[in-house]
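A quick write-up on the structure given underneath.
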Amino acid sequence: MENNQIIIRQFVPADIKAIIKINDQEIKETYITSDFLEKHDFAKYSESFEVIEYRNEVVGFVHLKKYTPDENEILAIAIDNEYQRKGFAREYMNYIARTLWSDSAYKTIFLEVDQANFKAIKFYENIGFEPYRKRVRYYANGHDAICMKMEIKTEK
């Protein structure tokens with residue numbers, strides 16, 4: 001992967017088919033549907049929905065919510081199976097570390113992950129996320145959610 005070929009941008013309706021394909025591969029319990037993407041007012045809820053594009057192909061997406069000037073939560077992140085373990089999620093995390101809250105010295109990013117998603121937990125820990133609590137039987141499958149956060153000190 002060449003970083004200069006990665007584009008991170010807001011999704012457009014033409015991306016919906018690719019987003020749903022990736023979502024169905026990766027996220028077993030989800031709210032992301034074509035209807036949601038077409039009708040949800042992201043700006044009204046301080047959210048963004050971005051795609052990760054590589055060589056003119058959508059290879060991943062991220063649904064992000066901003067709570068305060070210094071806190072965001074990743075509501076969903078998924079990379080197409082064909083492009084996993086190639087640095088796309090890591091590049092996205094580097095992107096948000098560079099671009100979010102440019103006026104703030106500290107940033108906190110939160111997320112939740114299914115306790116059985118060992119691959120994701122390991123990835124998040126490798127890039128600096130730490131577990132801080134558990135939500136017991138949070139998911140419909142009876143699994144707990146591991147709540148994780150990462151604090152980023154930025155250069156002002």
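Is it the case that GLU38 is of a type in the set (Asp, Glu) and either part of a strand (DSSP E or B) or surrounded by 16 or more Cβ atoms within 10 Å (Cβ to Cβ) (or both)?
For GLU38, the condition - of a type in the set (Asp, Glu) and either part of a strand (DSSP E or B) or surrounded by 16 or more Cβ atoms within 10 Å (Cβ to Cβ) (or both) - is not met.
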Among GLU26, GLU50, the single one that is modelled with pLDDT under 85, within 20 Å of PHE88 (Cβ to Cβ) and open to solvent by less than 60 Å² (accessible area, probe 1.4 Å) is GLU26
Long-range neighbours under 7 Å by Cβ, at least six apart or interchain, first residue touching a residue at least 60 places away in the same chain (Cβ under 8 Å) within region 132-154, second in a strand (DSSP E or B) and surrounded by 11 or more Cβ atoms within 10 Å (Cβ to Cβ)
TYR139/ASP114; TYR139/ALA145
Among the residues of region 8-23, which ones are within 16 Å of the chain's Cα centre (by Cα) and loosely packed, with under 13 Cβ neighbours inside 10 Å?
ARG9, GLN10
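The rows are residues; the columns are (1) at pLDDT 90 or above; (2) more than 22 Å from ASP70 (Cα to Cα); (3) in a loop (DSSP other than H, G, I, E, B); (4) touching a Gly at 6+ places or on another chain (Cβ under 8 Å).
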position	(1), (2), (3), (4)
LEU111	yes, no, no, no
ALA120	no, yes, no, no
ARG133	yes, no, no, no
ALA140	no, yes, yes, no
Where LYS86 falls short, out of the listed (1) charged (D, E, K, R); (2) free of Cβ contacts under 8 Å to residues at least 24 places away in the same chain; (3) part of a loop (DSSP other than H, G, I, E, B)
(2)
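If a residue must be part of a loop (DSSP other than H, G, I, E, B) and either open to solvent by less than 30 Å² (accessible area, probe 1.4 Å) or not small (Gly, Ala, Ser) (or both), how many such residues does region 142-156 contain?
Let us first name the residues in region 142-156 that are part of a loop (DSSP other than H, G, I, E, B), namely 142-144, 154-156.
From what's left, either open to solvent by less than 30 Å² (accessible area, probe 1.4 Å) or not small (Gly, Ala, Ser) (or both): 143-144, 154-156.
Here the count works out to 5.
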Odd one out for GLU53 among (1) touching a strand residue (DSSP E or B) at 6+ places or on another chain (Cβ under 6 Å); (2) among the acidic types (Asp, Glu); (3) assigned to a loop (DSSP other than H, G, I, E, B)
(3)
ALA105 passes all but one of the listed conditions (1) under 19 Å from ASN72 (Cα atoms); (2) modelled with pLDDT of 90 or more; (3) among the hydrophobic types (A, V, I, L, M, F, W, C); (4) loosely packed, with under 13 Cβ neighbours inside 10 Å; the exception is number (2)
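The values are calculated or read from the model by the stated rules, or taken from the named source; none is laboratory data. These numbers come from a predicted model, not from an experiment. Neighbour counts run over all protein chains shown; Cβ positions are idealised from the backbone, glycine included. For the accessible areas, the whole protein counts, side chains as well, though only heavy atoms, and no ligand, DNA or RNA atoms are used. Shrake-Rupley method; radii C 1.70, N 1.55, O 1.52, S 1.80 Å.
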